[in-house]
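Okay, so here's the structure we're looking at.
The values are calculated or read from the model by the stated rules, or taken from the named source; none is laboratory data. Predicted model, so just to flag it, every value in this text is computed and none were measured. Virtual Cβ from ideal backbone geometry, glycine too; neighbours counted across all protein chains shown. Heads up: the accessible areas ignore ligands, DNA and RNA and are worked out on the full protein's heavy atoms, side chains in. Shrake-Rupley method; radii C 1.70, N 1.55, O 1.52, S 1.80 Å.
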Amino acid sequence: QVQLVESGGGLVQFGGSLRLSCAASGSIFSIYDMGWYRQAPGKQRELVAGITSGSRTNYADSVKGRFTIFRDYAKNTVYLQMNSLKPEDTAVYFCNAHRGSFDYWGQGTQVTVSS
């Protein structure tokens, strides 16, 4: 079992920044691929950024150059640094841990970007 707890969401102005954190517990963090997903009202959940157990990263085209995903193995935490935020980034952001057929999800944290 893996338990994930997100934090860092909030309300920011257009062009502002936020850093989301996802703290993992209950398993071996280092062997999991980690990702940040988001879901806006009326939209499907989409992958925003991912980072593998080998620290390879990938990003949705809509956030490339603005968002950065990274992980701290010592703290069992994965982060999403979000810069140059746009209203289109408004969504609930979810942390995900994946390995093989296993997926674990956090509760989600709301990010709202005002214009």
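Of all the numbered requirements in (1) within 23 Å of GLY16 (Cβ to Cβ); (2) free of Cβ contacts under 8 Å to residues at least 12 places away in the same chain; (3) in a strand (DSSP E or B), ASN58 misses one, and that requirement is (1).
Restricting the first member to region 18-39 and to residues that are on the phi > 0 side of the Ramachandran plot, and the second to residues that are of a type in the set (D, E, K, R) and buried (at least 16 other Cβ atoms within 10 Å of the Cβ), no beta-carbon pair is closer than 6 Å while six or more apart or on different chains. Just one of (1) open to solvent by 60 Å² or more (accessible area, probe 1.4 Å); (2) within 20 Å of LEU85 (Cβ to Cβ); (3) in a loop (DSSP other than H, G, I, E, B) fails for GLN44. It is (2). Taking region 8-41 as the range and being of a type in the set (S, T, N, Q) and in a strand (DSSP E or B) as the test, the residues that pass are GLN13, SER21, SER25, GLN39.
Here the condition is being part of a strand (DSSP E or B), among the small types (Gly, Ala, Ser) and under 23 Å from GLN13 (Cα atoms); of ALA97, ALA49, it holds for ALA49 alone.
Taken over region 80-115, the criterion of being of a type in the set (Phe, Trp, Tyr), at pLDDT 95 or above and farther than 10 Å from TRP36 by Cβ is satisfied by TYR104, TRP105.
Within region 63-85, restricting attention to residues that are surrounded by fewer than 15 Cβ atoms within 10 Å (Cβ to Cβ) and in contact (Cβ under 8 Å) with a residue 60 or more places away in the chain, the residue that is farthest from the chain's Cα centre (by Cα) is SER84.
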